[in-house]
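Worksheet: one structure, shown below.
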Amino acid sequence: MLLELLVSKYFKYTDIRYFTYTSLDKIANSLGSKTTGSGKDALQNGSDESKNRSSIFIHNIYNLLAHVPLMDFQKESTFDMWSTVGLSSKGENDSSKDTSTYINKKLKLKFTKAWLSFLKLPLPLDVYKEVLASIHQNVIPSMSNPSILCDFLTRSYDIGGVISVMALSGLFILMTQHGLEYPKFYEKLYALLTPAVFMAKHRSVFLQLLDTCLKSSYLPAYLAAAFAKRLSRLALSVPPAGALIIIALIHNLLRRHPSVNFLVHWEVDESDSNATREASQSKKIGSDPFNQNDADPAKSGAMRSSLWEIDTLRHHYSSAVSRFVVSLEEDLTVRAKTTEMKITDFSSGSYATVFRDELTCALLVWMRLWQDVADLPFPSSLSPYLVGCGLAPNLCMGSHAGGV
């Protein structure tokens, strides 16, 4: 009730936002001092009641920070004030433009300090996830210096699992828009590609960012090959919706990086044919030099492997996957004959969407067949069988058998 009152009646005033950020900064610093040094040991060894109290404080601070309306610092030039005292130190003769710039600067600074103090607290897991899920939209654009968040985001990215997946959005913005250098970014991204990521709640955003991260023309061939190979191996074990998006990702990778087209088509010179033949004869049948358990893409052996998994997907139990592979298999590596796949069309897929698409396809086939059958001059005595369930299952089974 109190939060709703603040949002609806008071947070529209610039000075109230300013002093709210100031107060939250002080409260977060005060709470943080209790979790450092001897205070931290006391908190860890304290009762459940003290831990719960600390967690409630952190939740309350986050709720206030998250509900203070963000300001458009580029467009907003007038500011409604609850009080005319305390925020602006400019004189009355100063131009409104200078005053606006001054207020924007001070408000951004207080916003930044409040969030930095809050992020230093031992955040509960639910708050931690909420912050990571929204930090690229609700925090970074309003920071006075977004690069200050690099320590928080890199620590989160190094944790692994779902936390790393959720930290990727903010970290990617710092790298592409604010000049952050993170040497092991692609190695960490490579390690995140596990079957679990295709079940994660935020998989849609992650997979779209993955596709964006792999767009760079400066991506080394060994990295492009390692990502393509790791994704293709995952396609054998993830649900059909995951296999569909993997096929689209690999398609985009091969199109953007022609240097790894050898993964689907080996070209052997005649001078090297004898050596190649001897090497292929010495290789064990069914062996693959790619090591999917190696976390280092440079040591994975992807450059000596091939995308045999894509051919395997032609026989996938889901007809949606097998049809998609066949549709992309021809001219897969010819850039002029293909276009990039939109990952957004696949990133939110699930068993439900695959089932819905298959059912829609089957119903369309059934309707076409039913229209053809209905036009035939059947005796009226057969009409109950045509309308009943006797014909529909046969038609549906026929449509699946035909691979429609």
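The values are calculated or read from the model by the stated rules, or taken from the named source; none is laboratory data. Treat the numbers as computed from the prediction; the structure is a model and nothing was measured. Ideal geometry is used to build each Cβ from the backbone, glycine not excepted, and the neighbour counts take in all protein chains shown.
Could you tell me whether the stretch 299-320 includes any residue that is closer than 23 Å to residue 190 by Cα, of a type in the set (Lys, Arg) and at pLDDT 90 or above? Yes, the conditions are met somewhere in the stretch 299-320. Considering only residues in the stretch 170-207 that are of a type in the set (Phe, Trp, Tyr), buried (at least 18 other Cβ atoms within 10 Å of the Cβ) and at pLDDT 90 or above, the one that is farthest from residue 239 (Cα to Cα) turns out to be 172. Selection of the stretch 143-169 for residues being surrounded by fewer than 17 Cβ atoms within 10 Å (Cβ to Cβ) and closer than 21 Å to residue 106 by Cα yields 144, 145, 147, 148. Restricting 112, 101 to those that are assigned by TED's automatic domain parsing to the domain that holds residue 56 and at pLDDT below 90 reduces the list to 101. Check whether at least one residue in the stretch 117-136 is surrounded by 15 or more Cβ atoms within 10 Å (Cβ to Cβ) and in contact with a Lys or Arg (Cβ under 7 Å, 6 or more places away or on another chain), and report yes or no. Scanning the stretch 117-136 turns up no residue that is surrounded by 15 or more Cβ atoms within 10 Å (Cβ to Cβ) and in contact with a Lys or Arg (Cβ under 7 Å, 6 or more places away or on another chain). Under the condition of being touching a helix residue (DSSP H, G or I) at 6+ places or on another chain (Cβ under 9 Å), part of a loop (DSSP other than H, G, I, E, B), under 25 Å from residue 261 (Cβ atoms) and not basic (Lys, Arg), the residues counted in the stretch 192-219 number 5.
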